[in-house]
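K.L.:
Let me begin by handing over the structure; questions about it come next.
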Amino acid sequence: MSGTPGDTTSEPVDEASLLASFTSGCKPKEDWRLGTEHEKIGFCLDTLKPIPYEGQRSIRRTLELLVSDGWELEHEAENPIALRRGMATITLEPGGQLELSGAPLATVHETCAEVRDHLRLLHHVRHDLRIGFLGLGFQPKWARDDIPWMPKSRYAVMRRYMPQVGAHGLDMMLRTATVQVNLDFASEADMVRKMRVGYCLQPLVTALFAASPFSDGKPSGYLSTRAAAWLDTDKARTGVPAMIFADDFGFESYMNWLLDVPMYFVIRGGQYIDCAGQSFRDFMQGKLSALPNQRPTMDDWELHMTTVFPEVRLKRYMEMRGADAGGKPWICALPALWKGLLYDEQALDQAYNLVADWTHEEVLAMRAAVPEHGLKVAFRDITLLQLAETVMDIARGGLERSACLNEDGLDETIHLAPVLRAVENNTTQAEAWLHAFHHEWEGKVEPIFELAALP
């Protein structure tokens, strides 16, 4: 999830202003960047228990310990809830998952350097507080009721509302972790092509990055328990909207979809006001019961944009949101994969032609099957494993043509290595861990806390 915009100060807006919140993201290719976000699940090294917010060994102490190298604490009320340095932030998810929202960077090499520096920073926490962090997609041992809630007002509203609209919304909030990459577009037409490719291939990415086969101390029955939780989490704001497959899809249709997605809250006077269930369109007409006769500002709109969670989210850039969290190689692999597919024109043409005739129903069926069956899911007359071979060839070609070299003269294809191994071996991280659980770990899940620990 993204951080929260500040309190509202701007003037009321009309639909033209809302539309400009997307169109203003168009930029020339030379200005395209990658922004990588990755979450980590904290645990006590001795007990493996989740980390409370307060106490000697806590999330609060973690944030306070990370204040170095230019990072500055941000508070809500008296509680430290985030760190900021330039355009990068370290924030808290509802169950204390720590998220780095990285700065916009030009190359995957730079992203990997950023990840490396972040994990080095966390090493101090490991040493001083005996707190570790897991790079996987779902809390493997502890039940939902064992996870402490973080003291952020927005989460209190979501905590009340989520059970009304899905069985696993609270699991998603408290027990999941993801990695995502944010990407730019040149124009509306470029956005449309990239969004179509992104939505169609997101189930494949979920399968490739599957790394959450455990829940409550045992196999969950899924390869991506994180993705399974999303299947029953507030369908009005998640998944794959049908408009993506319409011939006239563009900025305006995405705006109209967002206008009708139920809101969570607005901020007035530094306080979150619960308006869950009403639409932003109602707000535009002065019909919000919590704020009668008031109309929204751009700050309200930007806050609302952070409360929708489709597989690809559009703002002034696009967020690819379909992967389980992982270790450093997997964190670097996701931006490499999407850059290879979408930032090279030849690769984008190939990827778009690959998915051009896919239907909304087919993509929904893939998304529903992938959490359990991964790369074994059948699509038309092939499996997702066979599709992955084609997609990885496209991505590798895109990165090779981009020719961004590191100090050793190697291009960005080096960061595809873990995904290429998964395809070559027909084995995801989740499947390797399940095999170990049954054959090496003696039916115990505790070894995952060492194997998936960061760094």
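The values are calculated or read from the model by the stated rules, or taken from the named source; none is laboratory data. As the structure is a computational prediction, the values presented were derived from the model and not from experiment. A quick note on method: Cβ atoms are made from the backbone with ideal geometry, for glycine too, and the neighbour counts reach across all protein chains shown.
K.L.:
Can you go through E400, E446, E389, E431 and tell me which one is over 30 Å from T107 (Cβ atoms), in a helix (DSSP H, G or I) and in contact (Cβ under 8 Å) with a residue 12 or more places away in the chain?
P.N.:
On inspection, the qualifying residue turns out to be E431.
K.L.:
List the residue pairs whose Cβ atoms are under 7 Å apart, where the first residue sits in region 242-256 and is more than 14 Å from L18 (Cβ to Cβ), the second is surrounded by fewer than 17 Cβ atoms within 10 Å (Cβ to Cβ), and the two are 6 or more positions apart or on different chains.
P.N.:
A242/H360; M243/S253; F245/T359; F245/H360; A246/S253; F249/M243
K.L.:
What pairs come up if the first residue lies in region 10-38 and is over 28 Å from A88 (Cβ atoms) and at pLDDT 95 or above, the second is surrounded by fewer than 18 Cβ atoms within 10 Å (Cβ to Cβ) and not aliphatic (A, V, I, L, M), and their beta carbons are under 7 Å apart, counting only those six or more places apart or on different chains?
P.N.:
As it stands, the answer is L19/E252, since those pairs meet every condition given.
K.L.:
Do we have any residue at all in region 154-176 that's closer than 22 Å to R60 by Cα, surrounded by fewer than 23 Cβ atoms within 10 Å (Cβ to Cβ) and among the small types (G, A, S)?
P.N.:
Yes, there is a match, as at least one residue in region 154-176 is closer than 22 Å to R60 by Cα, surrounded by fewer than 23 Cβ atoms within 10 Å (Cβ to Cβ) and among the small types (G, A, S).
K.L.:
I'd like the full set of residues that are surrounded by fewer than 22 Cβ atoms within 10 Å (Cβ to Cβ), closer than 18 Å to T62 by Cβ and of a type in the set (D, E, K, R), limited to region 94-119.
P.N.:
Within region 94-119, D117 is the sole residue that qualifies.
K.L.:
Quick check, is R313 touching a helix residue (DSSP H, G or I) at 6+ places or on another chain (Cβ under 9 Å) and surrounded by fewer than 20 Cβ atoms within 10 Å (Cβ to Cβ)?
P.N.:
no
K.L.:
I'd like to verify a number: residues in region 109-119 that are under 26 Å from G132 (Cβ atoms) and either in contact with a helix residue (DSSP H, G or I) (Cβ under 9 Å, 6 or more places away or on another chain) or not charged (D, E, K, R) (or both), how many?
P.N.:
Matching residues across region 109-119 total 7.
K.L.:
Moving to a separate point now. Counting only residues that are β-branched (V, I, T), within 20 Å of E362 (Cα to Cα) and more than 15 Å from the chain's Cα centre (by Cα), how many does region 156-214 have?
P.N.:
2
K.L.:
Which helices (runs of 4 or more DSSP H) does region 249-348 wholly contain that include 2 or more residues that are of a type in the set (D, E)?
P.N.:
251-260, 298-305
K.L.:
Being outside any loop (DSSP other than H, G, I, E, B) and in contact with an Asp or Glu (Cβ under 9 Å, 6 or more places away or on another chain) is the filter; apply it to region 110-131 and report the residue that is farthest from L45 (Cα to Cα).
P.N.:
D117
K.L.:
Next up: What's the number of the condition G132 fails, among (1) at pLDDT 95 or above; (2) surrounded by 14 or more Cβ atoms within 10 Å (Cβ to Cβ); (3) under 17 Å from E37 (Cα atoms); (4) not basic (K, R)?
P.N.:
Status for G132: all satisfied but (3).
K.L.:
For the condition more than 29 Å from Y343 (Cβ to Cβ) and within 23 Å of the chain's Cα centre (by Cα), what is the one hit in I90, I41?
P.N.:
Testing whether each residue is more than 29 Å from Y343 (Cβ to Cβ) and within 23 Å of the chain's Cα centre (by Cα) leaves just I41.
K.L.:
Also, quick follow-up: Looking only at residues that are of a type outside the set (A, V, I, L, M) and surrounded by 13 or more Cβ atoms within 10 Å (Cβ to Cβ) in region 75-84, which one is nearest to N182 (Cα to Cα)?
P.N.:
Ranking the qualifying residues of region 75-84, first place goes to R84.
K.L.:
Sticking with this structure for a sec: Scan region 120-129 residue by residue and report those that are surrounded by 16 or more Cβ atoms within 10 Å (Cβ to Cβ) and either of a type outside the set (D, E, K, R) or touching a Cys at 6+ places or on another chain (Cβ under 8 Å) (or both).
P.N.:
Within region 120-129, L121, L122, V125, L129 meet the criteria.
K.L.:
Can you confirm whether region 296-309 contains a residue that is surrounded by fewer than 17 Cβ atoms within 10 Å (Cβ to Cβ) and not hydroxyl-bearing (S, T, Y)?
P.N.:
No, every residue in region 296-309 fails to be surrounded by fewer than 17 Cβ atoms within 10 Å (Cβ to Cβ) and not hydroxyl-bearing (S, T, Y).
K.L.:
Give me the helices (runs of 4 or more DSSP H) completely within region 142-224, filtered to those with at least 2 residues that are of a type in the set (K, R), ordered by residue number.
P.N.:
Of the helices (runs of 4 or more DSSP H) lying wholly inside region 142-224, those with at least 2 residues that are of a type in the set (K, R) span 153-165, 188-208.
K.L.:
Here's another thing I want to ask about it. Is it true that V266 is within 21 Å of S224 (Cβ to Cβ), β-branched (V, I, T) and under 25 Å from the mean Cα position of the chain (by Cα)?
P.N.:
Against the criterion (within 21 Å of S224 (Cβ to Cβ), β-branched (V, I, T) and under 25 Å from the mean Cα position of the chain (by Cα)), V266 does not qualify.
K.L.:
Moving to a separate point now. In region 325-381, how many are hydroxyl-bearing (S, T, Y) and surrounded by fewer than 19 Cβ atoms within 10 Å (Cβ to Cβ)?
P.N.:
Residues that pass the stated criteria total 2.
K.L.:
Continuing with this model, one more query. So which residues in region 177-194 are β-branched (V, I, T) and surrounded by fewer than 22 Cβ atoms within 10 Å (Cβ to Cβ)?
P.N.:
The answer is V192, and nothing else.
K.L.:
Residue by residue through region 14-36, note down the ones that are among the small types (G, A, S), in contact with a strand residue (DSSP E or B) (Cβ under 9 Å, 6 or more places away or on another chain) and not in a loop (DSSP other than H, G, I, E, B).
P.N.:
If the condition is that a residue be among the small types (G, A, S), in contact with a strand residue (DSSP E or B) (Cβ under 9 Å, 6 or more places away or on another chain) and not in a loop (DSSP other than H, G, I, E, B), then G35 is the only one that fits.
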